[in-house]
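This report concerns only the one structure given below.
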Amino acid sequence: MSAAPDDTGDNAVATDATTAVDPHLVRQIGDNLESVRRSIAKAAAAAERSPETVTLVAVGKVQPLERVEAALLAGQRVFGENRVQEAKGKWPDFRVRYPGVELHLIGPLQTNKVREAVELFDVIQTVDRPKLARELAKEMEKQGKRLDCYIQVNTGEEEQKAGIAPDEADAFIAECRDGLGLAVVGLMCIPPVEDNPALHFAMLREIAKRNGIANLSMGMSGDYDTAVELGATHVRVGTAIFGARDYG
Ligand SMILES: *Cc1c(COP(=O)(O)O)cnc(C)c1O
């Protein structure tokens, strides 16, 4: 693969009509997207759901810009990013050149990045604490926006992981929705790596059901089919589309 990480500066996105993306890469990423969509359709069918009820959120974090652009050229439009700073470096340009992009924040959000996050993203999937919820509500009002929000639930009650504890979820959802007026359209979770994810997906679905929440963002490359069988409306898939991330 010819994707050179240091070849991904501003000039990589400054060209307009023409693109420097290797057609082989576009085909390869396109094939990967196709294969993930097929698996989603299969899992949906097994659960007697229509595949259109599942949105594939492509997670391009840390990937060379060229791979993300290849996904755009292959027709993908819904993406997830887990860092505001990284998203800021690529999406304003991509949005101009590829209309119809829908960008989801799927990583922890610090309150000092709320303004930028509300400017950059269409959906915030990681509303995980009262202070952040208040800042988001305030900033959205200021910017005249009402972004779709998901409450992140720490289903594994892991110390180091973001998210509201399961037994505080109902009260937090009510506070966000009724108290702050946030558009709480979904719940999101990241199960502990060592657990059977199905238990966590089922728990998230239960919390959503009793709170009348429609969307469930759950499932990653390793377990999105399980998530779809358990009701995921949004799966967040990185590696299976873009290949392994190079953190070196
Ligand atoms: C990176 C990331 C993903 C994608 O993970 P893969 O295993 O590469 O599919 C999904 N969700 C979140 C919150 C992530 O940070």
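Please treat every number below as a calculation from the coordinates, not as lab data. Computed from a prediction, not measured in an experiment: that's the story for all the values here. Counting neighbours? That spans all protein chains shown, and the Cβs are built from the backbone with ideal geometry, glycine included.
Cβ-Cβ contacts under 6 Å between residues 6 or more apart (or on different chains), taken from a first residue in region 63-76 that is of a type in the set (Lys, Arg) to a second residue that is crowded, with 23+ Cβ neighbours inside 10 Å, are listed as 67/242. Can you tell me which residues in region 167-203 are within 16 Å of the ligand (Cβ to nearest atom) and more than 23 Å from residue 80 (Cβ to Cβ)? Answer for region 167-203, where residues must be within 16 Å of the ligand (Cβ to nearest atom) and more than 23 Å from residue 80 (Cβ to Cβ): just 194. When region 61-82 is filtered for residues that are buried (at least 21 other Cβ atoms within 10 Å of the Cβ) and touching a strand residue (DSSP E or B) at 6+ places or on another chain (Cβ under 6 Å), the ones remaining, listed by number, are 71, 76, 79, 80. Restricting attention to region 232-243, the residues that are surrounded by 20 or more Cβ atoms within 10 Å (Cβ to Cβ) and within 20 Å of residue 124 (Cα to Cα) total 6. The set of residues in region 204-224 being more than 21 Å from residue 124 (Cα to Cα) and either within 12 Å of the ligand (Cβ to nearest atom) or surrounded by 21 or more Cβ atoms within 10 Å (Cβ to Cβ) (or both) consists of 222, 223. Taking region 79-196 and the strands (runs of 3 or more DSSP E) fully enclosed by it, the elements with 1 or more residues that are farther than 25 Å from residue 69 by Cβ are at 123-127, 148-152, 183-188.
Here is a yes/no grid of residues against (1) within 19 Å of residue 183 (Cβ to Cβ); (2) in a loop (DSSP other than H, G, I, E, B); (3) aromatic (Phe, Trp, Tyr):
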{"residue": "206", "(1), (2), (3)": "no, no, no"}
{"residue": "212", "(1), (2), (3)": "yes, yes, no"}
{"residue": "222", "(1), (2), (3)": "no, yes, no"}
{"residue": "226", "(1), (2), (3)": "no, no, no"}
{"residue": "231", "(1), (2), (3)": "no, yes, no"}
{"residue": "235", "(1), (2), (3)": "no, no, no"}
{"residue": "240", "(1), (2), (3)": "no, no, no"}
{"residue": "244", "(1), (2), (3)": "no, yes, no"}
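When 96, 118 are checked against the criterion of being over 18 Å from the mean Cα position of the chain (by Cα), of a type in the set (Val, Ile, Thr) and more than 14 Å from the ligand (Cβ to nearest atom), 96 stands alone in meeting it.
Residue 167 fulfils the conditions (1) touching a residue at least 12 places away in the same chain (Cβ under 8 Å); (2) surrounded by fewer than 23 Cβ atoms within 10 Å (Cβ to Cβ) except for a single criterion, (1).
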